[in-house]
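The values are calculated or read from the model by the stated rules, or taken from the named source; none is laboratory data. Note that the coordinates shown come from a computational prediction; the quantities given were computed from them, not determined experimentally. Virtual Cβ from ideal backbone geometry, glycine too; neighbours counted across all protein chains shown. Quick note on the areas: whole protein, heavy atoms, side chains included, nothing else; ligands and nucleic acids left out. Shrake-Rupley method; radii C 1.70, N 1.55, O 1.52, S 1.80 Å.
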Amino acid sequence: MITNQILLNTIEGLKGITRIDFCVYDTEGKVLAATFDEGQKFERAVLTFVESQADGQVVQGCQFFKIFDEQQPEYILLAEGQGEDVYMVGKMAVFQIQSLMVAYKERFDKDNFIKNLLLDNLLLVDIYNRAKKLHIDTDVKRVIFIIETVHEKDSAVLENVRALIGGRSKDFVTAVDERNIIVVKELSEKDGNKEMERMARDMLVVLKEECRDENIHIAYGTPVNDIKEVSKSYKEAKLALDVGKIFFDDKDIVAYSTLGIGRLIYQLPLPLCKMFIKEIFEGKSPDEFDEETLMTINKFFENSLNVSETSRQLYIHRNTLVYRLDKLQKSTGLDLRVFEDAITFKIALMVVKYMKYMESLEY
């Protein structure tokens with residue numbers, strides 16, 4: 001429901017216009033927000049007013065009003081003073097707060113709907129019925145972005161993200177756990193991979209500036225054209241986030257459509273991975289090589305198996321690189337200058353990365 005800070009901002013704004021002080025109470029007489037310091041002295045009067053049948057009355061020289069939620073008193077508003085002007089301003093304040101309650105409730109309902117939609121908790125018929133009631137289009141193009149930081153989130157952070165990137169009424173910002181914020185972004189028919197990458201980059205820049213958090217990663221799925229498929233894009237974004245942590249840890253943004261062979265390796269069972277490593281390296285793990293060898297291997301792959309370019313970038317003689325590759329061939333039986341052996345070795349390195357990541361989750 002409405003936070004006390006929102007209530008305070010509202011009545012302070014009204015005081016700035018009308019010069020009238022206000023105080024908002026709950027139905028137990030507790031002060032929730034006030035523009036003056038004497039709200040506590042009206043606690044007994046508030047409790048008496050709650051039990052009365054009147055919607056508004058003058059008590060101790062102040063105008064009291066009930067603010068209803070579905071025909072039940074939710075708040076009591078005090079406007080300091082009495083007379084026609086105070087009554088009129090008080091009624092305006094009641095209308096403003098009730099409008100805020102309706103807006104927040106609608107957003108809460110939409111938020112719950114989006115969460116259940118992402119988690120596949122709705123029947124197909126319920127998806128369309130609830131979307132219609134909440135005035136959410138069902139046949140527009142959308143994509144899911146997942147924003148992850150290393151810090152657990154609170155409601156304030158979520159509200160900040162909503163304010164930063166969820167300004168459009170047709171976009172939704174929500175969270176289904178403590179670490180990830182999910183953005184359901186509406187796209188135009190012309191928006192493709194370049195536009196989605198730009199959107200992710202814009203989010204990253206703004207969030208790093210506003211939240212002062214450098215450890216932010218964003219992943220996104222593929223676009224879908226029907227609301228019932230939004231959960232598919234969400235699952236893709238989650239997979240992209242996980243695969244990115246393993247194979248693209250140097251990237252802040254990962255798209256599901258660019259996962260490549262990492263997508264396949266991520267779905268392999270660990271026993272099969274161990275069998276593969278044992279078969280290729282006879283029990284020795286490729287990440288057990290010394291730092292110099294691993295740097296040589298990675299640079300060789302980066303340069304598409306080009307010996308001359310790799311030796312130039314490593315600042316070593318071509319014969320020195322050839323010597324290192326020959327030494328590696330003797331210890332592993334794989335010649336990285338041969339395309340098939342290079343592929344095998346590259347996949348093995350990725351499999352080992354995957355195994356280490358999965359094993360770290362068990363602890």
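Subtract the Cα-Cα distance of Ile343 and Val140 from 0.36 nm times their separation in residues, and report this length gain in nm to one decimal. Write out the running numbers ahead of the final one.
Details: separation 203, 0.36 × 203 = 73.08 nm, distance 4.13 nm.
Result for the pair: 68.9 nm of gain on full extension.
Taking every protein chain into account, the 1.4 Å probe leaves Lys353 with about 90 Å² of accessible area, to the nearest ten. Centre-to-centre separation between the Cα atoms of segment 67-109 and those of segment 1-42: 11 Å. Accessible surface ranking for Ser99, Ser233, 1.4 angstrom probe, highest first: Ser99, Ser233. Listed by chain and number, the aspartates and glutamates placed with their C-alpha closer than 17 angstrom to that of Lys91 are Glu12, Asp21, Asp55, Asp69, Glu74, Glu80; residues fewer than eight positions away on the same chain are left out.
Specify the residue with the greatest mean-square fluctuation among Val46, Val352, Val230, computed from a Gaussian network of the chain linking alpha-carbon atoms under 10 Å apart. Of the options given, Val46 has the highest mean-square fluctuation. Out of these labelled values of percent of Cα pairs over 30 Å apart, (i) 59; (ii) 31; (iii) 39, which was calculated from the coordinates shown here? Answer by label: (i).
Under 8 Å for C-alpha pairs, at least 6 residues apart: give me the relative contact order for the chain, rounded to a whole percent.
Values: 466 pairs, mean separation 37.7, N = 363.
Once normalised by length, the contact order is 10 percent.
Could you tell me which GluC sites (Glu not before Pro) in segment 1-60 are loop residues by DSSP with no more than 13 other beta carbons within 10 angstrom of their beta carbon? Sites meeting the loop and neighbour criteria: Glu28, Glu38. Students often get this wrong, so check it: of Lys208/Lys251; Lys245/Lys330; Lys185/Lys228; Lys105/Lys232; Lys132/Lys185; Lys299/Lys330, which have C-alpha atoms separated by over 22 Å? Cα-Cα > 22 Å for Lys245/Lys330; Lys105/Lys232; rest within. For Asp177, project a label point 7 Å along Cα to C-beta. Then give me every residue of segment 97-131 with its amide nitrogen under 20 Å of that point. Answer for this model: 112-122.
Quick check: from the Cα gyration tensor, does segment 236-355 come out rounded (a/c under 1.5), prolate or oblate? Write out the running numbers ahead of the final one.
Numbers: a/c = 2.46, a/b = 1.44, b/c = 1.71.
The shape class here is oblate.
Mind running the shape call on segment 1-55? Use the C-alpha gyration tensor, a ≥ b ≥ c as the square roots of the eigenvalues: rounded below 1.5 for a/c, prolate if a/b tops b/c, oblate otherwise. Prolate is the answer for segment 1-55, as a/c is 1.5 or above and a/b outweighs b/c.
Computed from phi, the 3J(HN,Hα) profile of segment 307-320 under the Karplus parametrisation 6.51, -1.76, 1.60 (θ = phi - 60°) reads 5, 4, 5, 5, 5, 5, 6, 8, 6, 10, 5, 4, 5, 5 Hz, with x in place of Gly and Pro. Remark: spin-label model distance Glu38-Gln313 equals 7.6 nm, labels positioned 7 Å along the Cα→Cβ axis.
Taking all protein chains together and a probe of 1.4 Å, list His135, His317, His217 from the most accessible to the least accessible. Mind dumping the intermediate values first?
Working: His135 150, His317 115, His217 65 Å².
Highest to lowest solvent-accessible surface, that is His135, His317, His217.
Scanning residues 5 or more positions from Val254 or on other chains, those with amide H under 5 Å from its amide H are Ile218, Ala219, Tyr220, with H placed 1.01 Å from N in the peptide plane.
Antiparallel versus total DSSP beta bridges in the chain: what percent is that, nearest 5? Let's see the in-between values first.
Values: 34 of 38 bridges.
Bridges in the chain are about 90 percent antiparallel.
Only helices enter the 222 nm calculation for the chain: every DSSP H run of n ≥ 4 contributes -39,500 (n - 2.57), and dividing by all residues gives -17500 deg cm²/dmol, rounded to 500. Taking 0.36 nm per residue of separation and subtracting the current Cα-Cα distance, fully stretching the chain between Glu229 and Asn112 would add 40.4 nm.
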